[in-house]
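The values are calculated or read from the model by the stated rules, or taken from the named source; none is laboratory data. Computed from a prediction, not measured in an experiment: that's the story for all the values here. FYI the Cβ positions are ideal-geometry reconstructions off the backbone, even for glycines, and counts take in every protein chain you see. Areas reflect the complete protein model, heavy atoms only, side chains present, ligands, DNA and RNA absent. Shrake-Rupley method; radii C 1.70, N 1.55, O 1.52, S 1.80 Å.
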Amino acid sequence: MVFKRSTALITFALAGYSLSGCGAIIRSNIDTQPRVHVAPSTVETPSEIVKGRAVAYSVGISAAGCDDDLVKYAPIIIQGFQPDPNKTEYDYWSDGIGMPICSADGDSIRVDASNPMVFGRVEHATLYDTPLKQLTYVYWYPRRDVGSIETGEVDGGILRITLDAAGNPAIFEFSQTCGCYYGVFAATRTEEQAQQEFGSAQEPRKHSLESPSESSDWIVRDVIDADAGQQPVLYISAGEHFCELLRFVDRAAPLGAADTKQYSLDHYERLEAIPSDAGGTISMFNDQKLVR
């Protein structure tokens, strides 16, 4: 019964993401959830993974009242930047994460990359009458300059970590804030439980966690070792802001980044009261709950 909860978790998680609109068009033309094939030695040179200059963002200050697990698992974001800020194909700071600010007329949002921010909240899923804790992190870029129809002003990333009934990291989901490039990762522990419950993966599937039905497009992009005392590391590509790799590392482990920056972890609710050029604060979202 322990594993069945984990299996249902993937079904529950995927149900929250629709293949309509932009996401459906992108998926019809691009492999949006490729299997991860990164040699262990490559993590020593993260610039190869993020396709640019590797800058590691890690949590510095956390807002008062942040959940302990939310702080504990706040991700390190190894972000790709263009190698030479003086010779760029697009604005260099399009790859910087920052604080959203609303225009004076209330019609648009810009992102101040000089003030790195990540916004988090705790959610819960109930599966087989067992409550599971979910940690969701959101961050924003000024724009996305590389891609097809998904380019434009304001971009972002979402990481959701679901803890199992014992509080261990089990399932990891990443998506861009437009809903594109959604992918699932799983802990080795969870995959092992699946193997015990269902046996080896059935072709064409690679992991026991994946549905054997050929009608399902969803896969597990990678199975990773994830221990309770470790931190998640996202490797995000320059320009496209695609999650190339997710892994967990011991705290203070060397990352090989060219530069390091700290971000402030704030409550997700802060996005309902971001600074306005007109003075005071305003929600980042309009009445339809979309970014202004």
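Here's the yes/no breakdown for (1) more than 21 Å from T162 (Cβ to Cβ); (2) of a type in the set (S, T, N, Q); (3) surrounded by fewer than 16 Cβ atoms within 10 Å (Cβ to Cβ):
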{"residue": "G199", "(1), (2), (3)": "yes, no, yes"}
{"residue": "P232", "(1), (2), (3)": "no, no, no"}
{"residue": "H241", "(1), (2), (3)": "yes, no, no"}
{"residue": "R247", "(1), (2), (3)": "no, no, no"}
{"residue": "D250", "(1), (2), (3)": "yes, no, yes"}
{"residue": "T281", "(1), (2), (3)": "yes, yes, yes"}
{"residue": "M284", "(1), (2), (3)": "yes, no, no"}
Here, helices (runs of 4 or more DSSP H) confined to the stretch 1-70 with at least 3 residues that are modelled with pLDDT of 55 or more and buried (at least 17 other Cβ atoms within 10 Å of the Cβ) are 46-50
Are any residues in the stretch 80-113 assigned to a loop (DSSP other than H, G, I, E, B), within 17 Å of S58 (Cβ to Cβ) and of a type in the set (G, A, S), and if so, which ones? G96, A113
Would you please list the contacts, defined by Cβ atoms under 8 Å and residues six or more apart or on different chains, that run from a residue in the stretch 221-237 that is among the hydroxyl-bearing types (S, T, Y) to a residue that is open to solvent by 30 Å² or more (accessible area, probe 1.4 Å) and outside any strand (DSSP E or B)? S237/K51
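Among the listed residues S208, S213, identify the single one that is in contact with a helix residue (DSSP H, G or I) (Cβ under 9 Å, 6 or more places away or on another chain), free of Cβ contacts under 8 Å to residues at least 40 places away in the same chain, among the polar types (S, T, N, Q) and open to solvent by less than 60 Å² (accessible area, probe 1.4 Å). Quick ask: steps written out before the conclusion?
Working: S213 fails: in contact with a helix residue (DSSP H, G or I) (Cβ under 9 Å, 6 or more places away or on another chain).
Every option except S208 fails the conditions.
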Among the residues that make up the stretch 198-208, is at least one of them under 17 Å from the mean Cα position of the chain (by Cα) and of a type outside the set (S, T, Y)? no
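Residues are listed down the side, and each one gets a yes or a no for (1) modelled with pLDDT under 90; (2) in a strand (DSSP E or B); (3) surrounded by fewer than 18 Cβ atoms within 10 Å (Cβ to Cβ):
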site: K133; (1), (2), (3): no, yes, yes
site: Y137; (1), (2), (3): no, yes, no
site: Y141; (1), (2), (3): no, yes, no
site: E153; (1), (2), (3): no, yes, yes
site: G167; (1), (2), (3): no, no, yes
For the stretch 65-101, which residues satisfy the criterion of being over 25 Å from P169 (Cα atoms) and of a type in the set (F, W, Y)? F81, Y90, Y92, W93
When (1) open to solvent by 10 Å² or more (accessible area, probe 1.4 Å); (2) more than 22 Å from A74 (Cα to Cα) are applied to D225, the one that fails is (2)
